[in-house]
1. Quick test of your reading of the structure: Gly223 fulfils all but one of (1) at pLDDT below 95; (2) open to solvent by 70 Å² or more (accessible area, probe 1.4 Å). Name the failing condition by number.
2. Could you say whether any residue in the range 193-215 is under 20 Å from the mean Cα position of the chain (by Cα), assigned to a strand (DSSP E or B) and either among the aromatic types (Phe, Trp, Tyr) or surrounded by fewer than 22 Cβ atoms within 10 Å (Cβ to Cβ) (or both)?
3. Among the residues of the range 123-148, which ones are open to solvent by 10 Å² or more (accessible area, probe 1.4 Å), part of a strand (DSSP E or B) and either hydrophobic (A, V, I, L, M, F, W, C) or in contact with a Ser or Thr (Cβ under 9 Å, 6 or more places away or on another chain) (or both)?
4. Checking Trp87 against (1) open to solvent by 30 Å² or more (accessible area, probe 1.4 Å); (2) touching a residue at least 24 places away in the same chain (Cβ under 8 Å); (3) of a type outside the set (Lys, Arg); (4) part of a loop (DSSP other than H, G, I, E, B), which single condition isn't satisfied?
5. Quick check on my filter: what residues within the range 69-84 are part of a loop (DSSP other than H, G, I, E, B) and either open to solvent by 90 Å² or more (accessible area, probe 1.4 Å) or farther than 25 Å from Val263 by Cβ (or both)?
6. Just checking, how many residues over the range 22-33 are touching a Phe, Trp or Tyr at 6+ places or on another chain (Cβ under 9 Å) and either closer than 15 Å to Met97 by Cα or part of a helix (DSSP H, G or I) (or both)?
7. Here are some conditions: (1) in a helix (DSSP H, G or I); (2) within 25 Å of Asp14 (Cβ to Cβ); (3) hydrophobic (A, V, I, L, M, F, W, C). Leu66 meets all but one. Which one does it not meet?
Amino acid sequence: MTKQYDLCTQIEGDLIALLDDWHSLPEVWDNELDAQIHRWYADPPKVWPKRPYFSPSSANACPRELYLKAKGAKKDNFRRQPHQSRWAGVGTSIGDMIQRDLLFIEKHYEAKTGNVPRFKLVYTADGRPMFEDFAKTNVLVEHSGEKFYLYGTPDGIMEYLTDDGETIRFGLEIKSKQTTPARTSLYSMRDAEKSHIMQTYCYAQMYNVDYYVILYVNAAKHGWEMTEEEYRKTPDIRAFCGRISNEDKAIVFDKFAGIVKAVREGTPPPLDLDAWTSNKFKTACAQSLTDDELSNIKAQVRRYLKSSMSGRRKQAYYDAWEFIKSVREEN
């Protein structure tokens, strides 16, 4: 994902400026539009995955997890800490809020400000905005002699009007931050996260776009009242735009093709402890390890615990090992 500074920087700046301007206006009420949004969601198109498939969110997932999922392993069904459910719910709500804002901007921004917005959503053939279930799709990929599908939904497919009158079609991925205001500060956030960028490689293929914007919205605020300088240094929204090449896509497609081949040949790929937290097949992964793999993981965790990495990361590796060990002992 490369940065084309003239166009990408303009898209980033204009999108943030548009959202900031809209959110500074008095709240706009439109019961008709809200009712229409609910009607859309009440009757979404039914699109089921074609197999074998991978979702864009799995672009940075553990290869062993993807292998076992494709083999039909049982997904974990653990209880989780209650704040984690609320955390995930807030993240989903933030995406819903931005999508609703974009629909309201399209309809009301010009009347409220006298300015025509440069951004607008792309719509499906039946008149629904191209995001979420309204844009769900399966796209066949043939790569390195393997075939698989990309299956999922985008946060938005949009158009941007340049100064020269050219229309640029791009994708929008919305991500939330919730821990501290610093997570989206100019100092702490210099670029989009690698795992989020890799997801956009899949979406770019699925929706035939060359440009993708990752928009971060931080639910943790610096304060109710902020000076201009405080907001400049620690904004709660950030946008990162990049152009996606075929070489970028190949990074993820190589991985997915390798999983398909591994399933066909029955050769499980190694476990990635760095992706353990988001692994939804932890039990199946632990049960599938050979004795040699178990010994290698044990040695790997020991090295990590003796290294100079942060205490939080060391704890994550230790917890992963303890889980694996407990599952093995039970079996």
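The values are calculated or read from the model by the stated rules, or taken from the named source; none is laboratory data. The structure displayed is predicted, hence computed values, not measured ones. Here Cβ is always computed from backbone atoms with ideal geometry, including for glycine, and neighbour counts include all displayed protein chains. For accessibility, only protein heavy atoms count, side chains too; no ligands or nucleic acids. Shrake-Rupley method; radii C 1.70, N 1.55, O 1.52, S 1.80 Å.
1. Result: Gly223 passes all but (2).
2. For the range 193-215, residues under 20 Å from the mean Cα position of the chain (by Cα), assigned to a strand (DSSP E or B) and either among the aromatic types (Phe, Trp, Tyr) or surrounded by fewer than 22 Cβ atoms within 10 Å (Cβ to Cβ) (or both): present.
3. Thr137, Val139, Leu140
4. Checking Trp87 against (1) open to solvent by 30 Å² or more (accessible area, probe 1.4 Å); (2) touching a residue at least 24 places away in the same chain (Cβ under 8 Å); (3) of a type outside the set (Lys, Arg); (4) part of a loop (DSSP other than H, G, I, E, B), the one that fails is (4).
5. Across the range 69-84, the qualifying residues are Lys71, Lys74, Lys75, Asn77, Phe78, Arg79, Arg80, Gln81.
6. Within the range 22-33, the subset touching a Phe, Trp or Tyr at 6+ places or on another chain (Cβ under 9 Å) is 22, 25, 28, 30, 33.
Those left that are additionally either closer than 15 Å to Met97 by Cα or part of a helix (DSSP H, G or I) (or both): 22, 28, 30, 33.
Residues flagged as touching a Phe, Trp or Tyr at 6+ places or on another chain (Cβ under 9 Å) and either closer than 15 Å to Met97 by Cα or part of a helix (DSSP H, G or I) (or both) within the range 22-33 amount to 4.
7. (2)
Every residue, every condition in (1) loosely packed, with under 14 Cβ neighbours inside 10 Å; (2) in contact with a Phe, Trp or Tyr (Cβ under 6 Å, 6 or more places away or on another chain), yes or no:
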residue	(1), (2)
Glu293	no, no
Val301	no, yes
Asp319	yes, no
Val327	no, no
